[in-house]
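One structure is given below, encoded as structure tokens.
The values are calculated or read from the model by the stated rules, or taken from the named source; none is laboratory data. These numbers were taken from a predicted model, which means no experiment stands behind them. Neighbour counts run over all protein chains shown; Cβ positions are idealised from the backbone, glycine included. All accessible areas refer to the heavy atoms of the entire protein, side chains included, with ligands and DNA or RNA removed. Shrake-Rupley method; radii C 1.70, N 1.55, O 1.52, S 1.80 Å.
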Amino acid sequence: MPSLYLGLLTALCLTNFAGNSIFCRAALIFNNMGPLQYTGLRALIAASILVLLCLVKIIHPRTQGGNIWHDIWQESNWTGALSLFAYMICFSLGYVGIDSAPGTLIINMCVQFCMIGWGFMHGIHPNKRQYTGFAIATAGLIILLMPGLSAPPLLYSLFMAGTGFAWGVFSISGRDAHSAALATAGNFCRAAIPGFFCLVAGFLLEGTAEPLAWLFVFAGALASSLGYILWYAIVPRYSLVNISIIQLAVPVITAILGTIFLSEVITMRLVIAAALILGGITLAIKSAAHHKAATR
């Protein structure tokens with residue numbers, strides 16, 4: 001894949017992820033949709049969009065004349081599907097009570113912890129500079145969550161942390177996929193099963209959303225399904241180190257979009273915490289890249 005084309009796909013993918021946070025907040029906070037309804041609808045609509053793409057043959061089977069339904073099931077797995085559903089439900093529950101920028105920052109931090117933990121379990125041990133970088137990033141997260149007027153609520157922060165760990169598992173589970181589109185379609189179809197029960201619970205337990213909320217759900221589902229296809233497509237083309245670096249752009253894009261479209265305020269606490277978290281992660285990741293190059 002040419003580097004310019006890969007760069008454009010990466011930028012589009014990250015913008016989709018940031019936009020997804022904005023759509024979720026818009027539906028939950030400004031249009032009174034419950035998090036269970038949002039999660040269930042998002043899962044079912046995204047699965048329907050991907051099934052439609054399979055029916056019109058925009059998503060193709062792996063082999064000429066192959067069975068696409070067999071392929072999407074084979075390319076996907078329950079680890080990816082359940083981590084995807086866990087990501088969606090924690091995402092919706094968290095954004096009920098936290099702004100998009102700090103929420104995305106917490107997600108990003110926990111994704112890094114998940115991926116580094118996965119590497120550690122597979123024999124990739126951090127060096128001193130990496131430990132220093134993650135200590136700095138952890139200090140930034142502590143500053144962000146310290147009690148105070150501008151600190152996000154702890155409960156919703158924990159939901160965002162769960163979102164990050166689920167996203168890390170989802171990303172790792174997709175590294176071996178032969179087809180990003182087929183794997184994403186299959187994972188969403190599997191995730192639609194718990195999504196259906198989530199939607200039923202939402203209609204029984206939550207109030208009625210405003211009509212505009214449905215538009216934001218559709219936009220979020222579209223951003224999710226297409227964004228994840230792009231994500232699975234670009235993940236195998238980057239190293240684990242570079243993938244981690246690339247994700248650092250998402251909180252920045254989210255903060256900009258949240259300020260423009262949701263009138264969210266960027267506080268000094270958020271700026272300091274973001275600088276420490278992103279700077280610490282960058283130090284750790286670059287140290288890993290230099291160490292890898294030096295040992296060749």
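Listing for the model above:
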| read-out | value |
| --- | --- |
| Over the stretch 203-262 - Rg/Rh using Cα atoms and the Kirkwood inverse-distance radius | 1.12 |
| Projected area, mean over directions - the chain, Cα convex hull, nm² | 16.1 nm² |
| Net lengthening on full extension, LEU215/PHE197 (0.36 nm per residue, minus Cα-Cα) | 4.3 nm |
| Between the stretch 30-47 and the stretch 74-113, the alpha-carbon center distance in angstrom | 14 Å |
| The stretch 153-279: equivalent-ellipsoid semi-axes (sqrt of 5 x gyration tensor eigenvalues, Cα, Å) | 25, 25, 14 |
| Accessible surface of the chain, 1.4 Å probe, proportion on carbon and sulfur as whole % | 72 percent |
| GNM result for the chain, Cα springs below 10 Å: residue of PRO61, PRO35, PRO147 fluctuating most strongly | PRO147 |
| Within a Gaussian network of the chain (alpha carbon springs, distance under 10 Å), most fluctuating of LEU144, LEU204, LEU28 | LEU204 |
| Average accessible surface area per residue within the chain, 1.4 Å rolling probe, Å² | 46 Å² |
| Distance histogram in 10 Å bins (all Cα pairs of the stretch 55-156, percent per bin) | 12, 28, 26, 21, 11, 2, 0 |
| Cα-Cα separations in the stretch 1-94 greater than 16 Å, expressed as whole percent | 68 percent |
| Ranked by how many other beta carbons lie within 10 Å on average, peptides 127-133, 230-236 from highest | 230-236, 127-133 |
